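The values are calculated or read from the model by the stated rules, or taken from the named source; none is laboratory data. Quick caveat: nothing in here was measured; it's all calculated off a predicted structure. In this analysis, Cβ positions are derived from the backbone assuming ideal geometry, glycine residues included, and neighbour counts consider all displayed protein chains. Surface accessibility is based on the protein's heavy atoms, side chains included, excluding ligands, DNA and RNA. Shrake-Rupley method; radii C 1.70, N 1.55, O 1.52, S 1.80 Å.
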Amino acid sequence: MGLLTDPRAGNGAVIKFVMKWEKLLCLTLYVTGVIWFVSLAYPDFNDNTYFSENALLPGLVTNEFNEDGGAKRFHDELLAEMKKYPDDMPYPWLLAKFRQLNLDVYTHNFTLNYPLSQQKFTGQNVYSILRAPRSASTEAIILSVPYRSASSIHLTTAPSIALLLAFAKFCRKQNYWAKDIIFVVTEHEQLGMQAWLEAYHRCTCGQDGVLIAGDLVGRAGSIQAAINLEMHSFKIGSIDIKVEGLNGQLPNLDLVNLANKMCAKEGIRRTFQRRADSNPKDKIRKWWYQFVTMMSMVSTQATGVPTGNHGVFHRFGIEAITLEGFAKSGSGTESTIYNIGRVVESLIRSLNNLLERFHQSFFFYLLPSTDRYISIGLYMPPLALIIAGLFIKAFSVWLKLQESTEKKDGESDAVKQAKSEELVLSHIAWEVLWTHILGVATLSAPRLFTYIGIKFHLATENSVSLGLLLLTIVMFIGTLCFERYRTYETASLLYVIALIELATMLLCISMHNFSLALVAAVVYVPAALTVIPKKGNESRFHNLRCIPWILLHPLCLACTVVAVYTHFTFPDYTIIAFALKWIQASKQAIVFGIIDSMVYGNWLYSVTVCVLLPTWLIFWIVVTSKPILRISK
Amino acid sequence: MRIAVYPKCEKFLTSICEWAKGCLKVIQLQLQSCAKMRTAFAMYFIQALILSAIGDVGFVSCTSDVDDAFNEELMLKPLPSGHVYAHFQFTTLWRTDIETETFQHSRLFPRGLGEIIGRHNVRELHVSLTEGLWRYEKWGYPLQDTGSGAEVYAWFNDDRRIDENWKSLTNALAGLLCASLNFVDVSNSLSPDFTFRPSGAIPRPLNSSCLRYSSLPREIVCTENLTPFKKLLPCDSKKGLATLLNSAYIHNTNYHSIAVDVRPVCTNAACTQTTIELRQTISLVYDTMTTDSQDWSVRKLFGIGLRSACPLATLSRVYVDVTDNETSETYRLVPEPPETLISLRGGQENRIAVYDIKSLSNAGMFNVAAVHSKAKIYGVEIPPVLFANRYVVGYGQERGGLVTKLHNNYWKPLDVVLLENIPWYIPVYTHTIRITCQGKLLKPLIKRYVPGRERERPYYLEMVLRLPPRSVTEFSIELDYLFLKWQEYPPDANHGFYMGPAIITSLLPTARNYTALPQDGSTISSSFNASRDGYLVQLRTEILLVSLPTPDFSMPYNVICLACTAVALAFGPLHNITTKRLVLKPSKKNKLVSYIREKLSKTKVDKIE
C-alpha cells in the first residue's frame, strides 16, 4: 500500500503511460493473447513429439503375442455368457477364467450411497494379479477394461475383455516380468474404477459416506502406469487415444507417445479426439484442421470430466491412457485382435522396462494432432497476456481513484479523510464477505434443495435446478432492490477487488486446468474490462452494459453451453422439441456436475460456485449500482 | 560319523517344556488376578515362550574322533500352486568353542568367514540375500524365513564397542559376499527386544543390547553373490550338490534366497562343550507354468545332472516331498526312490523319498524326474495358519499410512510379536496407531517404541499381540514423507525409497504347512518326525516402495542450482568490498617500539574494526 499511496507515484512515466493508453493497452493484450493462442496450432509454432524417457525402449522387443486364437474363444464364450445374463457381469465365468490361468484372483465390492436421494447402488469388480517372477511385488502395471452388459447404452467392450484374458494367458507364460500386472474388469464405468482405486489406496476422494469403497484382499505395491482398453469390435479400423482425466489432469506425454508409436508400428490407424491426422499441403488448411482438434481437446479438458476409465488414475500419481478401438467405417485398412494384442504387449513390456516413475517429458500440454504437441511453455504466455489486461485495468482504476480523492479532499483535514475511508472500507468488506458466503452456501445447497424437493415429490434434478434457478432470481432481484446507491469510490474499489480476484483466480486455475482457465478468461475478460463504475453523468445507454453480465452468470453460461451442444447434437429438431431437450439436458448437466464433485472430487462445480459466482456478483453489483454524489461542503 | 539327537536330550527338552508350561500356567493365573502387573508378566511370558522353543537346547554331536563334519542336502518339494521348491542346505559342524577359537586353522570351516567371526566377537550370525518374495499364502512356510533384499543380524558376545564391531562386521561381510552390506550402519539398525532370541547355545543370558538387526530391501541379488557363497563350501562347486548351482538357472526362478547362518550349538546333553554350526542354504522356487509340461527333473531345474557327492561330505542326500502325490497331482518319480520315509510332525504326515547320493555315485549322472500322468488342476490353496500382508495407503507425496494385516486361521488365539521396521525418512505418528480386529480395538500386550531420529536411527516399534481365533487383525499407523537433502537422493531418485519388511514371530501350535528345521536340529533330516510343543515362524512381509517428495533433478533444475551457486560466490566478495572499511595503519619507525605499541593498542583497533 505504501508504494501505491506514495504521493509521487502519479508522476512516473510508466504510470502516465498506463493511465493514458489503458484502454488500448488492455484491448491489445487481449487480442494479441487470443491470436497468439489460436496460432499455436500452426505447424511452425509447435513441435514434433519425442521420447524423453530412455528406459521405455519403445518397440525394441520382438513381439511374441500369439494368443489371438485364445481371444476368439474367450470372446465367443463371453458373448454366450452375456446372452445368459444381459444385465449382470458374468462374475463366475471371469473368476474361473483367471483361476484357470493360475493367477491370484479377487473380487471387490463397493456401494454408492447416491448423495441426493436415499438410494443405494452396489457394484463388483473382478481383478487378478500376475505376480512378477523378477521382483517382490513392489511395483505394478494395470490393464483394465470397463465391463458393459448387453443392455448397456454404451458400445460394447466384450472384445477387449477377451483380449485382456488372452493377454493374461500370454503373460503367464513369460518370465521376464519385473512388475506385477493387475488385470481389472470394472463395473459401472468410472465409478467401479474409482472405487477400486480408493480401496487400493484406502482413501476417500469425494465426500465422506458417498462412495463406500471397502478394502481389497490382494495388492501389488505401488502402481506405475495403467492402460485401459475399450475395443468395440473384434476387427478395428482405428484406435483413439484418450488422455483427458479428472479435473483436466493429463498423463505423461511419454506414455501418450508410446501408445501412438506402438499403434503406428503395427500399422493401426490412430486418431486423437476421433480425428485422424490429415496432412494437407496448404498450411492454412492444416492449421485449421489442427486448430479444431486442439480446441476439441480444450473443450473436453475444460469440463474436468474424464473421457474414460484412465481419467480417475491421474490423481493417484498413476499415468494412464485409454485405447478405444472403433470398427472400420469407410475405407482404410482393418486391424485384427492379433495386432491390438501386439500393441498391448509392446506397451506393457515398455512399461515393464521402466526403472523410475514417469517423471520426464511433459505433464502439461495440448495436442493439435497425434504426433505434435504444444508444451506449457508455449501456451501459458498467451493466457498470461489475456489476464494481464485485468491487472492493468485494476491498476489504472486505482490510480484514477487516488487522483480523484486527492482533488476532492485536498483541503480537508487528515482525520476526516481517514474516517470516510474507514467507512468505505467496512462497506466494501461487507460486500465482499456476503458474496463469498453466498457462494459457499450455494456449494452445500443441493442437499437442502433435494431434501425440500422430496417433500414436494420432485425428482432430484428438478429440485436441484429449480433451487438453483430460484437462488439466481433472488440474486438478481435482491441486488437490484436493496442498497443500490453507492458512491463512485465504493463502486470503483469493489471493481478493483473484483478485477484482481478474477485475474488471480484465472491464473490459479490455469496451473491446474489450463483449458478451463482459457475458456473462462476468453469469456469473462472482455466483459470485465468494459465495466465502468457510474459517476452520475453517463448517458441512458450505459445501463445496456448490464446485459452481457446477465448472460455471464455461471448458471446462464452453463445453460448457454448446453444449448450450443444440444443444437449441434440434434440439428434437425423443431424449436419446441429443441427447447424441451435443452431444458432436460441443462438440468442433467447441473446434477451431473454436482454428483461428480461429491463422488470423484471434481472441482468444476466448487470453483464455479465458490469463486466465479462471488466474483460475478461483485461485478454485477458494480454494474447495477446507482451513483450518489458526494455531499461537498 | 553320524548326527543324531540324543534320546536323553529329548527327555530334557520335554521336561524343560513342561516346566515352561507350568510357569505359564502360574503366570496366566497371576495375569488374571492382577491386571496391574499384566504388562510385566506378559513380557516374561513371551520371553519364556520363545526361549522354551529356541533356548539353549540344541544338541548335536559328532561321534567320531574328527572334530569337524560336512553335510549336503537338497529338499525338493512340489508346491500346491504349481511351483517347485528346491532347498539346498550345506552344514558344517566344528567341535570348538566360538568364544575362544582363534580361527587360525580350519579344515572344513571356511577360514575367511571364521576370521570375520573371531575378530568381531560374534556369537551368532545370520545373513540372507533374497530376490523375490516368499508367498506364504500360496506356498506355506519355507525351511528358512528371509526378507526380500539383504537381511543381516548378529549376536555379539558382549556389548562393548558394539556399534563399531557391527559396522566393521557388515563391511567385512560386504566384501565376503559381494553385497552392499556396507550400507548397514547405526541409522538403519535395530536391537529388537522380543523378535530375535539367540538360536544356539548361550553360556549366559544375553540381552538385546548385544543384538543388531538390519535389512537392505533395495539389494538386488545376482551371480556375484552366488560365486563367493560357493567358495565358502569345502568342495566349492567342483563336486557334490553345489555343482547344481548354475547361476543361469537359479536366477531364473520366482524366488531365490542365499543365506549363511552361524551359531554355536551344544555338543552333549550337559552342554559342557559347544560346536560351531555353519548352515549355508539356497532356497529356490521354480514356476512350472512357464514351460509347456509340468514335469520337472533335476536336469531341467538346474541344467545339469548330479555326477557325484562331495567326497568330504558325511551326508549327501536328495529328498523329495511326495506327500501331495496322488492327492492333488499325480506323478511318478524316476528313478524310483530306494527309500520313502514317513514323517509325523505336529499332526502332519509327510511322505519323503530319500536318495542317498553316496550310494548312487557309481551309477553315472544322477537325475530325479517327476513325470506327470495327468494334467494338474489348480485347486483352491489352503492358506497357512498365520500369514500377513503389509502395504502403504494414501496418495500424494506428503503423507500416507502403513497397514499390516495379520491373518490368524487357527481355531485358538495366537500370540505374535510384530516388529515394524520403519526407516528414519518416514516419520510415523504414534498417536495414530490403531490395532483393530473384527471392528474392535485390540490392545497390545506389550508395546516397545523408540522414536527414530533423522539420519541417526530408525523408528523401532515392537508389539506383542494376541490374535483372536480365525480373525484378521489390522495394524495401521499414519506417516509423513520427509523431504531429504539433495545429496541423499540416489541416482534414480524417482524410483522411490524402500521400506524393509515387518517381522511377525510366533510359536505355532500346529505344523501344518511347516517345513523348517527344529531349533535343536542341524540338518534337513532332523526335521523329520520332529514333533515339538511349538513351531517357530518368523514371517517377513512385503517390502514397500514409497515415493518421497523428489526435486526435479533435470537440466533446468541443475541450471538453477548452478546459477544460484555462482550468485552466492559473487555475493561474498561484493559484500566484502561494499561493507568493509579501510583503516590506516600507523607507520613503523622504530620496530621494537611500534611492536609494543601495536600489541598494546591491538584491543582498541579490534574494537574499531
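Here A:ILE223 fulfils each of the conditions (1) hydrophobic (A, V, I, L, M, F, W, C); (2) part of a loop (DSSP other than H, G, I, E, B); (3) in contact (Cβ under 8 Å) with a residue 24 or more places away in the chain; (4) within 14 Å of chain B (Cβ to nearest Cβ) apart from (2).
Annotation: A:THR566 fulfils all but one of (1) within 25 Å of A:SER515 (Cβ to Cβ); (2) over 21 Å from the mean Cα position of the chain (by Cα); (3) surrounded by 19 or more Cβ atoms within 10 Å (Cβ to Cβ); the unmet one is (2).
Report every pair of residues separated by at least 6 positions or lying on different chains whose Cβ atoms are under 7 Å apart, first residue within the stretch B:201-223 and under 28 Å from B:ASN246 (Cβ atoms), second open to solvent by 20 Å² or more (accessible area, probe 1.4 Å) and among the small types (Gly, Ala, Ser). Qualifying pairs under 7 Å: B:LEU216/B:SER180; B:GLU219/B:SER180; B:THR223/B:SER247. Among the candidates B:LEU93, B:LEU129, B:LEU113, B:LEU143, the residue that is in contact with a His (Cβ under 8 Å, 6 or more places away or on another chain) and either open to solvent by less than 30 Å² (accessible area, probe 1.4 Å) or of a type outside the set (Phe, Trp, Tyr) (or both) is uniquely B:LEU143.
Could you say which residue among A:SER329, A:SER361, A:SER350 is in the same structural domain as A:TYR289 (by TED's automatic domain parsing), of a type in the set (Gly, Ala, Ser) and open to solvent by 40 Å² or more (accessible area, probe 1.4 Å)? It would help to see each step written out before you state the result.
Numbers: A:SER361 fails: open to solvent by 40 Å² or more (accessible area, probe 1.4 Å); A:SER350 fails: open to solvent by 40 Å² or more (accessible area, probe 1.4 Å).
Of A:SER329, A:SER361, A:SER350, the one residue that is in the same structural domain as A:TYR289 (by TED's automatic domain parsing), of a type in the set (Gly, Ala, Ser) and open to solvent by 40 Å² or more (accessible area, probe 1.4 Å) is A:SER329.
Could you identify the single residue in A:ALA166, A:ALA178 that is touching a Lys or Arg at 6+ places or on another chain (Cβ under 6 Å), closer than 30 Å to B:TYR249 by Cβ, in the same structural domain as A:GLY123 (by TED's automatic domain parsing) and not aromatic (Phe, Trp, Tyr)? Outline the logic, then answer.
Details: A:ALA166 fails: touching a Lys or Arg at 6+ places or on another chain (Cβ under 6 Å).
Exactly one residue qualifies, and that residue is A:ALA178.
Within the set A:VAL523, A:VAL519, the sole residue that is without any contact (Cβ under 8 Å) to a residue 60 or more places away in the chain and either under 25 Å from the mean Cα position of the chain (by Cα) or open to solvent by 50 Å² or more (accessible area, probe 1.4 Å) (or both) turns out to be A:VAL523.
Being surrounded by 22 or more Cβ atoms within 10 Å (Cβ to Cβ) and in a strand (DSSP E or B) is the filter; apply it to the stretch B:498-507 and report the residue that is nearest to the other protein chains (Cβ to nearest Cβ).
Here is the first cut: in the stretch B:498-507, the ones surrounded by 22 or more Cβ atoms within 10 Å (Cβ to Cβ) are B:499-506.
Right, trim to in a strand (DSSP E or B) and you get B:499, B:503-506.
Values: B:MET499: 10, B:ILE503: 15, B:ILE504: 17, B:THR505: 20, B:SER506: 22 Å.
Among residues in the stretch B:498-507 that are surrounded by 22 or more Cβ atoms within 10 Å (Cβ to Cβ) and in a strand (DSSP E or B), the one nearest to the other protein chains (Cβ to nearest Cβ) is B:MET499.
Quick grid of which residues meet (1) open to solvent by less than 10 Å² (accessible area, probe 1.4 Å); (2) more than 10 Å from chain B (Cβ to nearest Cβ); (3) over 14 Å from A:ILE318 (Cβ atoms):
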residue: A:ARG172; (1), (2), (3): no, no, yes
residue: A:ASN175; (1), (2), (3): no, no, yes
residue: A:VAL184; (1), (2), (3): yes, yes, no
residue: A:MET193; (1), (2), (3): yes, yes, no
residue: A:GLU198; (1), (2), (3): yes, no, no
residue: A:HIS201; (1), (2), (3): no, no, no
residue: A:THR204; (1), (2), (3): no, yes, yes
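Yes/no matrix, rows are residues, columns are (1) more than 14 Å from every other protein chain (Cβ to nearest Cβ); (2) free of Cβ contacts under 8 Å to residues at least 40 places away in the same chain; (3) in a loop (DSSP other than H, G, I, E, B):
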site: B:ILE433; (1), (2), (3): yes, no, no
site: B:ARG448; (1), (2), (3): yes, no, no
site: B:THR473; (1), (2), (3): no, no, no
site: B:ILE477; (1), (2), (3): no, no, no
site: B:PHE483; (1), (2), (3): yes, no, yes
site: B:GLN487; (1), (2), (3): yes, yes, no
site: B:PRO491; (1), (2), (3): no, yes, yes
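Going through (1) surrounded by fewer than 21 Cβ atoms within 10 Å (Cβ to Cβ); (2) within 30 Å of B:LEU465 (Cα to Cα) one by one, B:PRO217 falls short only on (1).
Taking the stretch B:339-371 as the search range and keeping residues that are of a type in the set (Val, Ile, Thr) and either free of Cβ contacts under 8 Å to residues at least 60 places away in the same chain or assigned to a strand (DSSP E or B) (or both), which one is nearest to B:ARG317 (Cα to Cα)?
Checked the stretch B:339-371; the qualifying residue nearest to B:ARG317 (Cα to Cα) is B:VAL354.
Scanning the stretch B:146-181 for residues that are polar (S, T, N, Q) and open to solvent by less than 30 Å² (accessible area, probe 1.4 Å) yields a total of 5.
Check whether at least one residue in the stretch A:163-170 is surrounded by 15 or more Cβ atoms within 10 Å (Cβ to Cβ), within 14 Å of another protein chain (Cβ to nearest Cβ) and assigned to a loop (DSSP other than H, G, I, E, B), and report yes or no. Spell out how you get there, then give the answer.
Residues of the stretch A:163-170 that are surrounded by 15 or more Cβ atoms within 10 Å (Cβ to Cβ), as a first pass: A:163-170.
Those still in the list that are within 14 Å of another protein chain (Cβ to nearest Cβ) too: A:168-170.
Now restrict to residues that are assigned to a loop (DSSP other than H, G, I, E, B): none.
Looking for residues that are surrounded by 15 or more Cβ atoms within 10 Å (Cβ to Cβ), within 14 Å of another protein chain (Cβ to nearest Cβ) and assigned to a loop (DSSP other than H, G, I, E, B), one finds none in the stretch A:163-170, hence no.
Taking strands (runs of 3 or more DSSP E) as the structural unit, those lying wholly within the stretch B:77-181 and holding at least 1 residues that are within 30 Å of B:VAL322 (Cβ to Cβ) correspond to B:83-94, B:122-131. Scanning the stretch A:466-494 for residues that are in a helix (DSSP H, G or I), open to solvent by 20 Å² or more (accessible area, probe 1.4 Å) and in contact (Cβ under 8 Å) with a residue 12 or more places away in the chain turns up A:LEU466, A:LEU469, A:LEU471, A:PHE476, A:LEU480, A:TYR488, A:LEU493.
When you check B:THR243 against the structure, is it at pLDDT 85 or above, touching a Leu at 6+ places or on another chain (Cβ under 9 Å), not in a strand (DSSP E or B) and not hydrophobic (A, V, I, L, M, F, W, C), yes or no? Yes; evaluated as a whole, the condition is true for this residue.
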